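The values are calculated or read from the model by the stated rules, or taken from the named source; none is laboratory data. Just so we're clear, the structure is a prediction, and the values are computed from it rather than from any experiment. Cβ atoms come from the backbone with ideal geometry, glycine included; neighbour counts cover every protein chain shown. All accessible areas refer to the heavy atoms of the entire protein, side chains included, with ligands and DNA or RNA removed. Shrake-Rupley method; radii C 1.70, N 1.55, O 1.52, S 1.80 Å.
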Amino acid sequence: MIFGVLLAAASPALGNDGSEERLAFDISEGANLNTFLREGPVAAHLLLRSGLDPRILIAFPAGNSGVGLWFSHGTAPVKWALSGRPQPLIEKDAQGRPLYGMSAEAAVSGAADLNIKQAVLSSVRVLRDYQALGTFPAEVATTATIQGSTITWARNRLDGAAGYRLSIQITHGALHAERVTAGSDGKIGLKITALCGETPLTPLGGKHLLNDRAQADVAARNVLAFLSYQEKFLAGSWRFNTYFGRDTLMSVRLLMPALTSEAVDAGLGAVLTRLSPQGEVAHEEDIGEFAILDHLRAGGGKSDAPTFNYNMIDATFMLAPVLAHWLLDDERGRAQSAQFLKRADGRRDTPRAMGADLLDNFKFVLRASAKFAQQPLASNLIALKSGSDAGQWRDSNDGLGGGRIPYDVNAVFVPAALEAISRLYAGGLLDPYSDATDRVLLSRAAAFAEVWRAKSGPLFDVSVSSAAAQRDIRDYAAALKVPVDEALRSVNGAPVSFHALSLTADAKVIPILHSDEGFALLFGKPNPATLDRDVTALMRPFPAGLLTPVGVVVANPVYAPPDIHVRLTRSAYHGTVIWSWQQAVLAAGLHRQLGLPDLPPSSRTRLRAAETQLWNAIRAAHSMRNSELWSWNFADGRYAVAPFGASAGDADESNAAQLWSTVYLALPAP
């Protein structure tokens, strides 16, 4: 993490004339009722959690801030319902400063009372930590005040700026200190008012967001609009209401055909603005009160200057291929490529041309890849950073199964980045920003790419004999209590071969079957034999492969040791669960490979069949498509969708609105 300058918009004004209509929609997912509202300077997401552990939470994209109220664990599950539509609200604090938010009325049934456990008003990062760990920094503690039937929590931000207010008025039932009792009919009525003083973001919507090629999916359009702003795209709500580099890059790449030029430029400009001095892509930014907490922990003052996390390694190698796709392959980007690179980034104090930012990234990629290009040994592959348990999109502690060297970074993104650098260098786009020394380094990209493309993938090869594979499949199916016959037939007496998810620090394969092969289909150039092998391995029925009737799971440890099985379950964030965007990557990758003119007929037939199977699974869970992820249950002879976070054993809960889950707007079904 490093401290950064305050950011301005990384793109020119996009024509927001203030006439945007109100955006209001609901998403029910498991125990969570989500309602979203954006109008004028107000943008807010209200979550009402039913069940034994009820809560009220309102997240604001402005400053990635939020307010939440947790109630004590109950003896009977409660059920929330909204009474009418939430309304936008602008009020002033005691010092006359504006606060932006919403008011909503809700009813609770199923319990005689609700006991207030804790209110937390701060950054969404603080609310996330409280939800997961039950703790929050002492500095943000807020005391309640009670007046009649209303209980209120309010405070300034830690630096004295306009802060937060959460007010709960009991409209049906009674308030007894921090206990709310139901009326004679067993119901509780509440009026919720939630506000924050962070500077509102500038909406990017309507004709400035999507073009006429976008699919007519109202739900996906709503989610994308709520998460899109001139300053940046937000990764997801409620838990990730701010910039994430990887999420932005993959979403822009997949949505590119359906996005306007202004929207693509805004997304890519946000990434370039947040590069480290060495050219690394920022994984996440800490803004608002969480930035203040960062500075205080580092021994500094109460500054809200953003800080950036550069612990992830994958997005740094994604940037070049995504930029090349826009500036070279898309006629809209190609027509304004020189102007885009000449434009100043969004560093308010020290702006530079985005071409200079991009050159820094290219030099980082080339230096990081040089050792393997010169001596292609596993020990020279790119590993997670020292002290980090994660470094790519599977960013939970067990996401890589204990591995340190990820397949996707080394076998897909590094060679793709090098090829993209070579193309952009050959086109002369970097000449205004590079000197003679830079050009010598850039000229090596093509040769580096050739070595990486040929030599890195085979280091991850796994082959399991047919007998061992059938034994593993039977044992794993029995442990999960799922059907096994179709899975066994799919192996059909042949060895099972695939690329490992990762390697250990000493270059041993971790034989986890995984969905990251979709990246190779989208960004890579697999030969026909490799293509057939990899697609076959992915699309075998679970638990032999990844395909279930409700989606493609992102990891399957069936061929791995039992100690890995217990770390990658259907309750694990990156376990045998379905992530919507990973299915989209696979769909886009299959579409790309099918579009290649030299594909052999047998491979084309196999890929067409895989595409049909994939889209059948996507359609089967259509209601979850804009969510972050979901799990599954098997009962009464069938698989069924299980919202992630609905089970007490789930590691976390899913975002109801996820940026990269909206990418189907640019992916028409075949």
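Of the conditions (1) touching a residue at least 40 places away in the same chain (Cβ under 8 Å); (2) open to solvent by 10 Å² or more (accessible area, probe 1.4 Å); (3) among the polar types (S, T, N, Q); (4) not in a loop (DSSP other than H, G, I, E, B), residue 626 fails just one. Which one is it?
Unmet condition: (4).
Output the number of the condition that residue 260 fails; it satisfies all remaining conditions of (1) closer than 23 Å to residue 35 by Cβ; (2) without any contact (Cβ under 8 Å) to a residue 60 or more places away in the chain; (3) open to solvent by 10 Å² or more (accessible area, probe 1.4 Å).
Going through (1) closer than 23 Å to residue 35 by Cβ; (2) without any contact (Cβ under 8 Å) to a residue 60 or more places away in the chain; (3) open to solvent by 10 Å² or more (accessible area, probe 1.4 Å) one by one, residue 260 breaks only (1).
Quick one: residue 609 ticks every box in (1) buried (at least 22 other Cβ atoms within 10 Å of the Cβ); (2) over 30 Å from residue 378 (Cα atoms); (3) more than 24 Å from the chain's Cα centre (by Cα) except a single one, so which number is it?
The one condition residue 609 does not meet is (1).
Quick one: which helices (runs of 4 or more DSSP H) sit completely within region 395-504 and have at least 2 residues that are among the hydrophobic types (A, V, I, L, M, F, W, C) and open to solvent by 30 Å² or more (accessible area, probe 1.4 Å)?
Answer list for region 395-504: 436-442, 445-455, 466-480.
In region 307-322, which residues are of a type in the set (S, T, N, Q) and within 17 Å of the chain's Cα centre (by Cα)?
Result: 309, 311, 316.
Exactly one of (1) of a type outside the set (Asp, Glu); (2) open to solvent by 40 Å² or more (accessible area, probe 1.4 Å); (3) not in a loop (DSSP other than H, G, I, E, B) is unmet by residue 170. Its number?
All conditions are met except number (2).
Hey, does region 148-156 have a residue that's assigned to a strand (DSSP E or B), in contact (Cβ under 8 Å) with a residue 24 or more places away in the chain, closer than 22 Å to residue 284 by Cβ and hydroxyl-bearing (Ser, Thr, Tyr)?
Checking region 148-156: not a single residue is assigned to a strand (DSSP E or B), in contact (Cβ under 8 Å) with a residue 24 or more places away in the chain, closer than 22 Å to residue 284 by Cβ and hydroxyl-bearing (Ser, Thr, Tyr).
Just to verify a result, which residue in region 71-100, among those that are in a strand (DSSP E or B) and of a type in the set (A, V, I, L, M), is most open to solvent (accessible area, probe 1.4 Å)?
It comes out as 90.
Would you call residue 193 open to solvent by less than 40 Å² (accessible area, probe 1.4 Å), touching a Gly at 6+ places or on another chain (Cβ under 8 Å), among the polar types (S, T, N, Q) and within 30 Å of residue 230 (Cα to Cα)?
Answer is yes for this residue.
Per-residue answers, yes or no, for (1) in a helix (DSSP H, G or I); (2) closer than 29 Å to residue 255 by Cβ; (3) not β-branched (Val, Ile, Thr):
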{"position": "323", "(1), (2), (3)": "yes, yes, yes"}
{"position": "357", "(1), (2), (3)": "yes, yes, yes"}
{"position": "364", "(1), (2), (3)": "yes, yes, yes"}
{"position": "371", "(1), (2), (3)": "yes, no, yes"}
{"position": "382", "(1), (2), (3)": "no, yes, no"}
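Report, by residue number, each residue of region 124-147 that is out of contact with any strand residue (DSSP E or B) (no Cβ under 6 Å at 6 or more places or on another chain), outside any helix (DSSP H, G or I) and in contact (Cβ under 8 Å) with a residue 12 or more places away in the chain.
Passing the criteria: 137, 146.
Can you name the number of the only condition in (1) β-branched (Val, Ile, Thr); (2) part of a loop (DSSP other than H, G, I, E, B); (3) open to solvent by 30 Å² or more (accessible area, probe 1.4 Å) that residue 641 fails?
It is condition (2) that residue 641 fails.
Could you say whether any residue in region 406-429 is of a type outside the set (Phe, Trp, Tyr), over 26 Å from residue 526 (Cβ atoms) and touching a helix residue (DSSP H, G or I) at 6+ places or on another chain (Cβ under 7 Å)?
Within region 406-429, one or more residues are of a type outside the set (Phe, Trp, Tyr), over 26 Å from residue 526 (Cβ atoms) and touching a helix residue (DSSP H, G or I) at 6+ places or on another chain (Cβ under 7 Å).
Which of the helices (runs of 4 or more DSSP H) found entirely inside region 511-604 contain at least 3 residues meeting this: touching a residue at least 24 places away in the same chain (Cβ under 8 Å) and touching a Ser or Thr at 6+ places or on another chain (Cβ under 8 Å)?
Per the criteria, 528-539, 580-594.
Kindly indicate which of 333, 269 is under 20 Å from the mean Cα position of the chain (by Cα) and either touching a residue at least 12 places away in the same chain (Cβ under 8 Å) or in a helix (DSSP H, G or I) (or both).
When all the criteria are applied, what remains is 269.
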